[in-house]
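Okay, structure first, notes after.
The values are calculated or read from the model by the stated rules, or taken from the named source; none is laboratory data. These figures come from a predicted structure and were not determined experimentally. FYI the Cβ positions are ideal-geometry reconstructions off the backbone, even for glycines, and counts take in every protein chain you see. SASA here: full protein model, heavy atoms, side chains in, ligands and nucleic acids out. Shrake-Rupley method; radii C 1.70, N 1.55, O 1.52, S 1.80 Å.
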Amino acid sequence: MELFSRLENAAHKVSRVYAQAEASAVTGLSGAGGVRRRTAVGNVSELVRQMPDDAVNQLLWQAGQLRRAADAVIAIAAAETVVRAAGEASTLAGVGRADAEQLARVGAMIDESERVIDACGVVEAESLDIVVDVPWWHSISLAVIDGGLSPAAAAVMRERLGEPGGVVTARNLARAAEELTEHVSAMAPDAVGEAAGRKRAELEGATELVSGDDSAE
């Protein structure tokens, strides 16, 4: 329910900023004719142009949070449609097939992460001697849930980091994912992909270097 609460809260804040701007516009046009008032208040572009800088920045920030919360919910719903449609992503309004499949993959990540969170809660509450298997990309899906990372950026980050294998362990990838999610939240998916690719190369190169030094001894 945390994600739905964040979605509702973001929507409320966007509406509140808009209402405040609309009220200011009406006050500023108190001496103007009815036609101009209707145009200024009814046209979103005109209304935003009348906002002070701080209000525009606040609206942009809150709208961005709203979009990310909505994208996370869409990803979860897309993943569920895949389950119900026997493994095939459904076509979403305004979203191509490839993007729908990408959203579904991220939604599946979120679903597994939420199961991990629930399992850890049970283990802690019951003081059970059980180790919960946490996927290495857990921090990536958490960043999507928290709104720090878009589903598109999350998908490309996981893809470019790759999978455990060779000299790169799941622990290496988990640490890399945590570091990346702290520094790339404001980046576009392509930039996130480049950063993740560099991180993967760094992991492989650094580990190979250590192995080489060990063998030299």
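Quick notes on this structure:
- Looking only at residues in segment 106-150 that are of a type outside the set (A, V, I, L, M, F, W, C) and crowded, with 20+ Cβ neighbours inside 10 Å, the one that is farthest from M187 (Cα to Cα) is S113.
- Some residue of segment 13-25 being at pLDDT below 75, farther than 22 Å from L103 by Cα, exposed (fewer than 12 other Cβ atoms within 10 Å of the Cβ) and not small (G, A, S): no
- Residues being modelled with pLDDT under 70 and either surrounded by 14 or more Cβ atoms within 10 Å (Cβ to Cβ) or within 27 Å of G147 (Cα to Cα) (or both) - total across segment 40-62: 2
- Scanning segment 127-167 for residues that are among the small types (G, A, S) and within 20 Å of I74 (Cα to Cα) yields S139, S141, A143, G147, G148, S150, A152, A153, A154, A155.
- Residue satisfying condition, being within 30 Å of W61 (Cα to Cα) and touching a residue at least 24 places away in the same chain (Cβ under 8 Å), within set A186, A170, A78: A78
- Qualifying residue in segment 66-84 (condition: open to solvent by less than 50 Å² (accessible area, probe 1.4 Å) and modelled with pLDDT under 80): no
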